[in-house]
Amino acid sequence: MDQKIAFLQERARAIRRHIITMLGEAGSGHPGGSLSAADIVSVLFFDTMKLDPENPHWPGRDRFVLSKGHAAPVLYAALAEKGYFPQEELLTLRKLGSRLQGHPDMKKLPGVEMSTGSLGQGLSAALGMALGLRLDGGEGAQRVYALLGDGEVQEGQIWEAAMAAGHFKVDNLTAILDYNNLQIDGPVDVVMNVAPLADKWRAFNWHVIEIDGHDIGQILKAIEEAQATKGKPTIIIARTIKGKGVSFMENQVGWHGNAPKPEQVEQALKELA
Amino acid sequence: MTKKIATRDAYGQELVRLGADNKDVVVLDADLSKSTKTHDFMKNYPDRFFNMGIAESNMMATAAGLAAVGKIPFASTFAVFATGRAFEQIRNSICYPRLNVKIAATHAGVTVGEDGGSHQSVEDIAIMRALPGMTVFVPADAVETAAAIRAAAEIKGPVYIRLGRSGVPVLHGEDFKFIPGEAVTLREGTDVALIATGIMVAVALEAAETLAAEGISALVLDVHTIKPLDIFAVVEAARKCGAVVTAEEHSIIGGLGSAVAETLSEHHPVPMQRIGVRDTFGESGKPEELLQHFGLTATHIAEAARKVIAKKK
């Protein structure tokens, strides 16, 4: 177990290094919410999900939907680390002609399961996938994982999807909420308070697990519990730190949507070495 | 008296047959299955039917997810809610990723009747037509509707199908061949081309009869596919007749009239008039009264035809 955790921590560190490098090169993009989700994404891509990078459209694969699509760099980094495409391609992020669009585009990049970016829609798409997979696969159906932002749950559609997923008892659907408590205009509880989150999801007939979203052991255990939960969808509310891993970015709202300058890239990479 | 069938009824019946033939077909509705006629599918294939409740935005994006795992979802609600409430879901979750979702929207146009303007969609064609990659079908009768539903299931990508609440005459026989993107000349003519879509095709045929009695030869073109528009047929009709009247149960802004005007102004400008709702919302009334009130009758089409003919050089 310790070995597994160390491996996943190293993958998360590699993902964070990619995030910094590609955003530095792109000159724009969203570091804060990419870094806060790196540990969760590391666990999903390097432990949890059944995937085949050699055959990205393998029907038996699990699905990942980045509902908080602006965190595209964390997804691209994981896909490159996993071997879906050469790591050099990460440097084309946000450039004309790149498969790495500012927000994920499933038509351009293999491994991206849903085009996202307009907040609030990804959970519905993940619900549709889970329903469709369950129709064909029944009990053994492939699983769908959706990563949500905390500001994102201010969108009404999230609660439409939550209601429907609870109603249809979609237990092959797991949502993970990246609860870093910062959005563009400031702290989430100041802009538009979303708390109490656990009570809300429970009220919509979800199984709720609350964890520290940077503790690999806790993430692993939560996913296991989600997989074992029958008759209802599960949400893992993961407390995170926006900008996690880069000292000058941590908990700084200004790093929601600003790319690091060359000297900042250098410092960040030093910290993530 | 010609047999009248609402296109929504034809949709519901064809959907059941399609469901039998193709197990990948799934249907979503937003608490209007009795009105949109998807409830027959629900009765036959309850496992493949999802009532999403009164939540159209979630319904459209859920349909996108179903399409992403290989299903062929038909999502139904009233046209106002499908294209208005859920516009951005259709744009970003369906059209942007070119997902294989079919939006079969009923209760389009003013013939919704008594429910009034809040429920009468007169802008949905304009909205759907603006989306890259969206195919837009507006069937004129029950036969076209059934064929359009079949065609939609065959097309790989998003399709919008505009359906009505009220009964309309059956225009086509059993042997009718529906080819997506190919307009149908229902009546040959040389003096004026009546280019119509949806329920206004039958009205245009009626107008052509009126005009014939006056010695005016009217061509009637049935445009069941607004997008991609049959540019060749539209230009040919304009070339042949030298004057055009378009007719639709929709705003004159952004619908068939706009599409034809855009095409003709680029390729073959001729005198033209648009019959449609003139930049206003609908209101309560009986369907027939509303068609009269909004100028959507054979009399109005014939009058417009005389005007454009007079403008010919």
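Here, each number is a calculation from the coordinates, and none is a lab measurement. Remember, it's a predicted structure, so these values are computed and weren't measured experimentally. Cβ sites come from the backbone with ideal geometry, for glycine too, and all protein chains shown count toward neighbours.
Okay, here's what the table says:
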read-out	value
Violating pairs (Cα-Cα greater than 27 angstrom) within the set B:Lys3/B:Lys37; B:Lys3/B:Lys312; A:Lys244/B:Lys71	B:Lys3/B:Lys312; A:Lys244/B:Lys71
³J(HN,Hα) computed for each position of the stretch B:168-175 - Karplus, 6.51 cos²θ - 1.76 cosθ + 1.60, integer Hz, glycine/proline x	10, x, 7, 9, 9, x, 4, 7
10 Å-binned pair-distance histogram of the stretch A:1-153 (Cα, whole percent)	12, 42, 36, 10, 1
Beta bridge orientation in the stretch A:2-271: antiparallel %, DSSP, nearest 5	10
15 Å tail of the calculated P(r), the stretch A:1-86, as % of Cα pairs	57
About the Cα centre, charge dipole magnitude for the stretch A:2-271 (Lys/Arg +1, Asp/Glu -1 at Cβ), debye	360
Whole-number percent relative contact order across the stretch B:184-311, with pairs defined as alpha carbons under 8 Å at least 6 apart	29
Net charge dipole size for the protein assembly as shown [Lys, Arg +1 and Asp, Glu -1 on Cβ; Debye, nearest 20]	520
Alpha carbon centroid spacing (whole Å) that separates the stretch B:244-282 from the stretch A:209-273	54
More than 30 Å apart - percent of Cα-Cα pairs taken over chain A	22
Semi-axes of the equivalent ellipsoid for the protein assembly as shown, Cα gyration tensor, largest first, Å	51, 25, 20
Under the Karplus curve 6.51 cos²θ - 1.76 cosθ + 1.60, θ = phi - 60°, whole-Hz ³J(HN,Hα) for the stretch B:282-291, x wherever Gly or Pro sits	x, 7, 6, x, 6, x, 5, 5, 5, 4
Hydrodynamic radius (Kirkwood) for the stretch B:162-201, which is based on Cα pairs only, to one decimal in Å	12.4
Quarter of the Cα convex hull surface for the stretch B:96-220, i.e. its orientation-mean projected area (nm²)	9.0
Alpha-carbon Rg with Dmax, taken over the stretch B:4-169, Å	13.9, 40
Centre separation in Å (Cα based) which lies between the stretch B:1-58 and the stretch B:123-177	15
Fraction of antiparallel bridges per DSSP, the protein assembly as shown only, in percent to nearest 5	15
Largest to smallest principal axis extent of the C-alpha atoms in the stretch A:93-199, angstrom	44, 43, 18
Relative contact order of chain B, pairs being alpha-carbon contacts under 8 Å that are 6 or more residues apart, as %	17
Two-decimal Rg/Rh across the stretch A:216-269, once Rg and the Kirkwood Rh are taken from alpha-carbon atoms	1.20
Calculated log₁₀ intensity ratio I(q)/I(0) where the Debye formula runs over C-alpha points of chain B, q = 0.09 Å⁻¹	-0.41
Shape metrics for the stretch B:182-313, restricted to C-alpha atoms - Rg then Dmax, Å	13.5, 42
Local electrostatic count, B:Gln13, Cβ distance below 11 Å [Lys/Arg +1, Asp/Glu -1]	0
Phi-based couplings in Hz for the stretch B:136-152 (Karplus 6.51, -1.76, 1.60; Gly and Pro marked x)	10, 9, 10, x, 8, 8, 5, 5, 4, 4, 4, 5, 5, 5, 4, 4, 4
